[in-house]
1. Just a yes or no: is a residue in the range 77-94 under 22 Å from the mean Cα position of the chain (by Cα), surrounded by 14 or more Cβ atoms within 10 Å (Cβ to Cβ), at pLDDT 95 or above and within 13 Å of L165 (Cα to Cα)?
2. When the range 185-203 is examined, which residues are found to be modelled with pLDDT of 95 or more, over 15 Å from the mean Cα position of the chain (by Cα) and of a type in the set (A, V, I, L, M)?
3. If L282 passes every condition in (1) closer than 22 Å to G201 by Cβ; (2) buried (at least 18 other Cβ atoms within 10 Å of the Cβ) but one, which one does it miss?
4. Do you know which residues across the range 285-318 are in a loop (DSSP other than H, G, I, E, B) and buried (at least 19 other Cβ atoms within 10 Å of the Cβ)?
5. Please work out if T163 is free of Cβ contacts under 8 Å to residues at least 24 places away in the same chain and assigned to a loop (DSSP other than H, G, I, E, B).
6. What is the one condition in (1) without any contact (Cβ under 8 Å) to a residue 24 or more places away in the chain; (2) closer than 27 Å to Y137 by Cβ that L244 does not satisfy?
7. Filter the range 12-30 down to the residues that are without any contact (Cβ under 8 Å) to a residue 12 or more places away in the chain and in a loop (DSSP other than H, G, I, E, B) and list them by number.
Amino acid sequence: MPKITVAGSSFDRAADESVLDALLRHGVAVPNSCRKGACQSCMMRAMDGYVPAEAQAGLKETFVHEGYFLACQCRPDGDLTLASPDNNAAFQPATVVFTEALGETVHRVVLSPETPLHYHAGQFINLRRPDGLIRSYSLASLPGTIPELEIHVKRLPGGAVSTWLCDTIKAGDPVEVSAPAGTCFYLPTREPQNMLLIGTGTGLAPLFSIARDALHAGHQGGIHLYHGSRSRDGLYRHHPLRDLHAAHDNFHYHPCVSGRDVPDDCIPGRADAVALHEFGNLAGWRVYLCGLPAMVHAARTQAYLKGASLADIHADAFELAGRDENRGAADEAATG
């Protein structure tokens, strides 16, 4: 049976068991969140032994070179010797600049990292609070304009990090943030390619960044953003998006409400269903999908069936961490 050695102690690992699951089973505390290889909060470093390539997918080249890997995705054939799982290499200090409520359950949190971060619109960071608990949040800020980072947090009942970010933290409080990660981001193109952006709940955060970044870069194609919620209050960036719609001929904002009492300025129905019904042919389009997995996976399939290339479909599923939030929190599930 293969062995994992960390801090001088060795533990057995079943052949089909990930390094993360094996260490947790033996009582070794390893930071983790999504367990899907997306958030990168379980990153560890191998000091000896072979790490399979799939366990390093999505990591920076420098991290790969230094032996870092994602414990939740690592199922090596042989033994591994690991450095202590403190994950400090991936984090730097940051300070809370301010917070504000954007609705009944969503807060905007602005952070100032000690060293400015380079990121693409649509990427996410991991945020670590002083007790070591980690969650992932997509960036809603516009790259290259200001050094501060903006995240949108939905308060969940019993959510350890979301309630802390929404109700407790204040300007000047310290946190830690990771380097930006994620492949669901915008890159400028000279082609006038149409873009379809669909998000529910706080899945709007990366799309808000992507849309503004595309406009800032002079994107010539049409940009259609569909934001869905069960109620009008869940459309927490309704007015800024309407202003963006009025200011740019090629940007189109489509607010969708799937619950009862749909306001006159909103479209009844789920955002993904409304968007994919309105466009019969998505060949040549870029598609961005952000929200809970049920919506993201269903919309990705439908976009592909409507002609979008798999290479042009960028999806960011917000996996949940137990009862808490991940990548900006649970939104209104598949009904948003």
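1. Looking through the range 77-94, none of the residues is under 22 Å from the mean Cα position of the chain (by Cα), surrounded by 14 or more Cβ atoms within 10 Å (Cβ to Cβ), at pLDDT 95 or above and within 13 Å of L165 (Cα to Cα).
2. If the condition is that a residue be modelled with pLDDT of 95 or more, over 15 Å from the mean Cα position of the chain (by Cα) and of a type in the set (A, V, I, L, M), then M195, L196 are the ones that fit.
3. L282 satisfies every listed condition except (1).
4. The answer is W285, L292, A308, F318.
5. The answer is no for T163.
6. (1)
7. If the condition is that a residue be without any contact (Cβ under 8 Å) to a residue 12 or more places away in the chain and in a loop (DSSP other than H, G, I, E, B), then G27 is the only one that fits.
Yes or no, residue by residue, for (1) touching a residue at least 40 places away in the same chain (Cβ under 8 Å); (2) touching a Phe, Trp or Tyr at 6+ places or on another chain (Cβ under 8 Å); (3) not assigned by TED's automatic domain parsing to the domain that holds D16:
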{"position": "R45", "(1), (2), (3)": "yes, yes, no"}
{"position": "Q56", "(1), (2), (3)": "no, yes, no"}
{"position": "K60", "(1), (2), (3)": "yes, no, no"}
{"position": "H65", "(1), (2), (3)": "no, no, no"}
{"position": "C74", "(1), (2), (3)": "yes, no, no"}
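The values are calculated or read from the model by the stated rules, or taken from the named source; none is laboratory data. Owing to the predicted nature of the structure, the values given are computational and were not obtained by experimental measurement. Here the Cβ is made from the backbone with ideal geometry for all residues, glycine too, and neighbour counts use every protein chain on show.
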